1. How much length is gained if the chain between residue 237 and residue 296 is pulled fully straight, taking 0.36 nm per residue apart and subtracting their Cα-Cα distance, in nm to one decimal?
2. If R0 is 30 Å, what FRET efficiency do you get for residue 442 and residue 562 from their C-beta distance, rounded to 0.05?
3. Taking 7 Å along the Cα-to-C-beta vector as the label spot, tell me the residue 577-residue 128 distance in nanometres, rounded to one decimal.
4. Would you mind putting 740-746, 414-420, 431-437 in packing order, based on average other-beta-carbon counts within 10 Å, highest first?
5. Subtracting the Cα-Cα distance from 0.36 nm times the residue separation, let me have the gained length for residue 192 to residue 712 in nm, one decimal.
6. Quick one: Karplus J couplings for the stretch 68-80, per residue in order, coefficients 6.51, -1.76, 1.60, θ = phi - 60°, nearest Hz, x for Gly and Pro?
7. State, as an integer percentage, the relative contact order of the chain based on alpha-carbon contacts under 8 Å between residues 6 or more apart.
8. Within the stretch 269-327, list the GluC sites (Glu not before Pro) lying in a DSSP loop whose Cβ has at most 11 other Cβ atoms in a 10 Å radius.
Amino acid sequence: MNSSNNIIQIIPKPISIVAGGGELDLNSITAITLKHNSKSEEFVAQLFQKILRPVRWIDLSHLEETTPNQIIIDLDPELPMPHEGYNLSIGENQSIILKAASSSGLFYGFQTFRQICDPKLSIGKPPKILTIPNCTIFDSPRFSYRGMHLDVSRHFFDIEFIKTYIDMIALHKMNVFHWHLTDDNGWRIEIKSYPKLTEESAWRVDRRHEPWKEWSPILSDEKATYGGFYTQNEIRDVIKYAADRNIMVIPEIEMPGHTSEVFAAYPELSCKGKFIPVNPGSYWPNVDIFCAGNDDVFVFLENVLEEVIDLFPGPYIHIGGDEAEKTHWKTCQKCQARIKDERLKDEHELQSWFIKKIEKFILSKNKKLVGWDEILEGGLAKSATVMSWRGMKGGIESAKAGHDVIMCPTSHCYFDYYQANPETSPEAIGGYTTLKKVYSFNPVPEELSKEESGFILGAQGNLWTEYVQEPERAQYRVLPRMTALSEVLWSGPGAHSYDDFYNRLVHFQNRFDMLGWTYAPGSFIVSIQADQENMGTGFRINLTSEKPGESIRFTIDGSEPSADSPRFNEPFSINTTTTVKTALFMSGKQAGQTTTKTFHFHKAVGKDIQYKIPHKQKYPGAGPFTLVDGLIGTTSYNDGYWQGWEGDNLDVVIDLHTIEKITQIEVGLLESQPSWIFLPTHVKVSFSDNGKDFQNEKAVVLDDGEQNGNPNRQVAKISNIEHSSRFIRVQAINRKMCPEWHEGANGMAWVFADEIIIN
Ligand SMILES: [Zn+2]
């Protein structure tokens, strides 16, 4: 590898890199000049001194700018540069010149320099390569908020790892550490006025050897031995460590839900007033939350927040606000009295009243409130910032209402999800978010106007730690997905291709190896995509993987792909029912499992389909032809083959273009009750020659499967049709509401469909 290759390996990729020709010998650098002698310049000078130490020690001095062979550090607020931007010039006058208008810009310029150098220097070892390519780099970030979250309640991570996590954030030029300090499974921050929070609420029995959701009951004589907390001194130390790396720390203190750990120490603050041990796993629904009718709760919370606000110098205080299960509020006398006294409509307004009351306190301390998107429910003051996690919807609503928004939808930003085949991955909480998917993220939804888009501050990767017992696992979960997110946030979505990113990532991972950081190998699965061609008479098949450059091999005769199967080079066409099997081969061996997809050819394939009721935007399947693309889904509702309707019917008209004889119609449906997806009550078809008047209706009635059974795919089949027709209307009638026995009772039920097969 020659050194000039290094320069293009920077992640996130700078806006502009102009090669200067030639190289600079690091050994020739003999001095560092601080242009303005400021503390920030001196700090970055020390970073240069430290990283170049294995080459030679470089003294601070005050040389003329014209003197060659020096590092010049120039922090000047008057420089015409974007905030956090920098200009790094290597080789001009045999020197290294770093300019910025802010101390954060200087820091990022140094991070880029670090990536241009041999990775061995980062760990204090003599480099293999002593030269770096001459170049000029201009750079600045697209988004101002580039965050990473860490849940330290579900599992505790010591200060040493917290600092490593901050190092990881810094290397990626991200600038926020969201510290999720309290939750049901442990309170992690020392509060001087409530010592029992760390004596009692920080500890639980150790069940790390059991699956998170299936922990065995706590025995009466069992000691709480697992847990921990951070002292206020440790927290100050972390804040300083982060600030030196241009990282703001946002503390999160959960309320009113996700607070059952508090009731191990102060049970009187819950509606029931009963002691609850700190649980070693989750239980659901988690009904034990703060009593909103008890004034002592607000005395407690304000005292706690007072200490938190004193500790954390940043502008934001995160108060959670998510998933507050209001069962006890409905029957608690104090809570009901509050609803009456405050003239509130219901428990949802009580939650809103709760959050507003806390917000008022936070504002009185000159801090800004941040919360999960549930805080929107029931209205919110303008100053609140919303973290949109339940998809983009909360973020869109918030931006339209003029709130600052941080995007972290589960679909792209939940790094506790699987990133590769669950069968061959360490157990995770669920979901499936590959590296490539994270890289495709756009934090700014199309629905927003230019002005509204301005409220999207950026995005954040979240690491919940139910299935993250150890630091190595935490790194494994976030690396390299945070690497992909960092480039989306710094360079902007779509600025570079995934292949381009991947080529740099391969080199970036050498740095992880060098630093001893664990990372996931990623997904080895090949995905099969199909585009219509020739007016729906055929498909053009494309095969892609997350590993550009590695061999994808495939078969179309039903046999298993092997190292001898044809290598996929370019999309190919099929026009008859075909099963495609494909897998990735690396160094001649199959890597990852085989992907199989059957394309079913039938009369409706590729034909026009008109939606009388649009599917939900969040579940578009593979696009407008999903129901007539010849492809059926798995039992996973978000595998890209399913379209979903919430509370509404599937109601479409298929135009076969000519009158055709129809004998049978099949509709592929998903039943996934734990995800609120139910079978329709019945499926109806009707026929028309003009597309307006539909007649000869036929229907089939469907029964629900086992309550909360495993997700399964059902086919609603209507046979013996014997009609000739051009237009066919297909309706799947939604049951509208989840049934009484279901956890979502009275919430809207979903209908999911993947294909309408017409023969
Ligand atoms: Zn109550």
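The values are calculated or read from the model by the stated rules, or taken from the named source; none is laboratory data. Nothing here was measured: the structure is a model prediction, and the numbers come from that model. Positions of Cβ are backbone-derived with ideal geometry, glycine not excepted, and every protein chain shown enters the neighbour counts. Note: accessible area is taken over every heavy atom of the protein model, side chains too, but ligands, DNA and RNA are not part of it. Shrake-Rupley method; radii C 1.70, N 1.55, O 1.52, S 1.80 Å.
1. Details: separation 59, 0.36 × 59 = 21.24 nm, distance 3.17 nm.
Fully extending the segment from residue 237 to residue 296 adds 18.1 nm.
2. On the way: r = 38 Å, r/R0 = 1.28.
Efficiency computed from Cβ-Cβ geometry: 0.20.
3. Result for the modelled spin labels: 5.5 nm.
4. Working: 740-746: 11.4, 414-420: 23.7, 431-437: 20.0.
Going from most to least packed, we get 414-420, 431-437, 740-746.
5. Values: separation 520, 0.36 × 520 = 187.20 nm, distance 5.24 nm.
Contour length minus Cα-Cα distance gives 182.0 nm.
6. x, 6, 9, 9, 10, 10, 10, 9, 9, x, 7, 4, x
7. Numbers: 1732 pairs, mean separation 64.0, N = 759.
Dividing the mean separation by the residue count of the chain yields 8 percent.
8. Numbers: sites: 302, 306, 307, 323, 325; in loops: 323, 325.
When the GluC sites (Glu not before Pro) of the stretch 269-327 are filtered for loop state and at most 11 Cβ neighbours within 10 Å, nothing remains.
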